[in-house]
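*Asks:* Sharing a structure with you now.
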Amino acid sequence: IPIFHLAPMLLEKLGPGALQIVAGAAYVIRVVGYTLVPKGHMVFVFLLEPMHGVTYACAKTSSVEFVSTLMPTGYEASGQALLGLFG
């Protein structure tokens, strides 16, 4: 899933807040979907796994954008380091 490739366009159209909501919705769909997979049919898990890519890419992209806008000028790299440490 080329979410990272489409990140600039998604950020421009949706913004970081909506992108974080997309990440949360993808996570909920994936986790609830896991609970609905019938016993003995674990192959259906493979249909839900691409949602992990959407979850991770949207959450990471929006988090990086949030941190870059919150940090004062000249401290952007420190903000990204803190995001990597605690995020």
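The values are calculated or read from the model by the stated rules, or taken from the named source; none is laboratory data. Everything numeric here is computed off the predicted structure, so don't read it as measured data. Quick reminder, even Gly has a Cβ in these numbers, built from the backbone with ideal geometry, and neighbours come from all protein chains shown. Note: areas computed on protein heavy atoms with side chains; ligands, DNA, RNA excluded. Shrake-Rupley method; radii C 1.70, N 1.55, O 1.52, S 1.80 Å.
*Asks:* In segment 31-58, which residue that is of a type in the set (G, A, S) and farther than 11 Å from F4 by Cα is modelled with the lowest pLDDT?
*Replies:* Among residues in segment 31-58 that are of a type in the set (G, A, S) and farther than 11 Å from F4 by Cα, the one modelled with the lowest pLDDT is G40.
*Asks:* What is the residue count in segment 25-73 for residues that are within 12 Å of the chain's Cα centre (by Cα) and hydroxyl-bearing (S, T, Y)?
*Replies:* 6
*Asks:* Of all residues in segment 19-66, how many are farther than 30 Å from F86 by Cβ, of a type in the set (V, I, T) and open to solvent by 70 Å² or more (accessible area, probe 1.4 Å)?
*Replies:* The total comes to 1.
*Asks:* Also, quick follow-up: All but one of (1) outside any helix (DSSP H, G or I); (2) open to solvent by 100 Å² or more (accessible area, probe 1.4 Å); (3) modelled with pLDDT of 90 or more hold for I1, so report the exception by its number.
*Replies:* Result: I1 passes all but (3).
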